[in-house]
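To start, the structure itself, in structure tokens.
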Amino acid sequence: MKIIRARDYDHMSRQAANIISAQVILKPDCVLGLATGSSPIGTYKQLIEWYNKGDIDFSRVRTVNLDEYVGLDYSNEQSYIYFMRNNFFDHVNIDLTNTNVPCGTNPDAAAECARYDYIIKELGGIDLQLLGIGPNGHIGFNEPGDSFIKGTHKVALHESTIQANKRFFEREEDVPKFAFTMGIVDIMQAERVVMVASGENKAEAVRNAFFGPVTPRVPGSILQLHKNFTLVADEAALSKI
Ligand code: GLP
């Protein structure tokens, strides 16, 4: 595990964008695993800036997103498919048919999870997975529990996650209670994993995940066992280690 210490959110975002940009330059048809949330927004902004300067070409890049709320589709501004288009896809030359997000409105959860794992397999796995971390240590929407869940699954969101994510919704009752998420094996099989973490409210999660035991109680802790994991975190997120 490597830790890149950044000064602040902007510095963290540029460092992470540099790693992603190197990946795309080295392998123009790479498979990027992408994340949502406030943590990677700056990374996407930086990548868009470099794209506009003509420095990165996304035309052959394929993507798989980590997760999606159950019940939301593109017409809902809080869906992750909307987030990805709004914050990244619509601003670069990525081919939308090469992008994948779990379908939150598929009523057949088992079929959706199987479909998504099949997509990841067909793509030949993930070259670089970008991650954030939830305050309770979740990655994607792999919530703390008794065991690690391997593949894509439907998950009941923890109360703490609903509380953490309600800031994006008008009313707390609008926050979906369930989500589809890639599983731990999907993430662990990525060739390279890069996590961005910023701010004091992530300091405890960072300490528990990377300076404590590997346990499903802190899902992000599994990354200690990944062969090529880089944490890009700012001073505030690293303040408890
Ligand atoms: C959500 C997402 C995660 C993300 C986490 C933290 O729960 N499913 O992928 O890492 O939020 O979000 P933020 O970066 O906004 O703190």
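The values are calculated or read from the model by the stated rules, or taken from the named source; none is laboratory data. These numbers come from a predicted model, not from an experiment. Note that we place each Cβ from the backbone using ideal geometry, even for glycine, and neighbour counts take in every protein chain shown. Just so you know, the surface numbers come from the protein's heavy atoms only, side chains and all, with ligands and any DNA or RNA stripped out. Shrake-Rupley method; radii C 1.70, N 1.55, O 1.52, S 1.80 Å.
What to note about this one:
- Derived scalar couplings between HN and Hα for segment 184-197 equal 5, 5, 3, 6, 5, 7, 4, 4, 9, 10, 10, 10, 10, 9 Hz in order, rounded to whole Hz, by the Karplus curve 6.51 cos²θ - 1.76 cosθ + 1.60 (θ = phi - 60°), x for Gly and Pro.
- In the chain, one over the average inverse separation of all distinct C-alpha pairs is 17.7 Å, which is the Kirkwood hydrodynamic radius.
- Largest GNM mean-square fluctuation among 44, 80, 118, using the chain with Cα springs under 10 Å: 118.
- Toward the positive end of the charge dipole of segment 198-241, with +1 on the Cβ of Lys and Arg and -1 on the Cβ of Asp and Glu, the farthest Cα among 233, 211, 201 is that of 211.
- For residue 121, a cut-off of 17 angstrom between C-alpha atoms picks up these aspartates and glutamates, skipping any fewer than 8 places away in its own chain: 29, 67, 112, 186, 191.
- Aspartates and glutamates with Cα under 19 Å of residue 45, excluding same-chain neighbours fewer than 8 positions away: 8, 10, 55, 57, 77, 90, 95, 234
- For segment 55-164, the percent of C-alpha pairs falling in each 10 Å distance bin, counted from 0 to the bin holding the largest distance, reads 12, 43, 37, 8, 0.
- Placing +1 on the Cβ of every Lys and Arg and -1 on the Cβ of every Asp and Glu, with no other charges, gives the chain a dipole of roughly 740 debye about its Cα centre.
- Choice from 112, 77, 143 showing the highest fluctuation, given a GNM over the chain with Cα pairs closer than 10 Å: 77
- Here the Karplus curve 6.51 cos²θ - 1.76 cosθ + 1.60, taken at θ = phi - 60°, turns the phi angles of segment 161-172 into couplings of 6, 4, 4, 5, 9, 5, 4, 8, 10, 5, 10, 4 Hz, with x standing for Gly and Pro.
- Area of residue 103 that stays accessible when all protein chains are in place (1.4 Å probe, Å², to 10): 50 Å²
- Considering all C-alpha pairs of segment 138-183, those separated by over 13 Å amount to 54%.
- Share antiparallel - DSSP beta bridges, the chain, percent rounded to 5: 30 percent
- Distant-in-sequence amide contacts of residue 131, defined by a placed amide H-H separation under 5 Å and a gap of 5 or more residues or a different chain, comprise 194, 195, 196.
- In the chain, the DSSP-assigned H stretches of four residues or longer account for a calculated mean residue ellipticity at 222 nm of -9000 deg cm²/dmol, using -39500 (n - 2.57) per stretch and the full residue count as denominator.
- Using a simple spin-label model with pseudo-atoms 7 Å out from Cα toward Cβ, residue 163 and residue 239 lie 1.9 nm apart.
- Solvent accessible area, Å² - residue 152, 1.4 Å probe, full protein context: 10 Å²
- Solvent accessible area, Å² - residue 193, 1.4 Å probe, full protein context: 0 Å²
- Residues of segment 188-203 falling in the label zone of residue 8, defined by backbone nitrogen less than 20 Å from a point 7 Å along Cα to beta-carbon, are 196-203.
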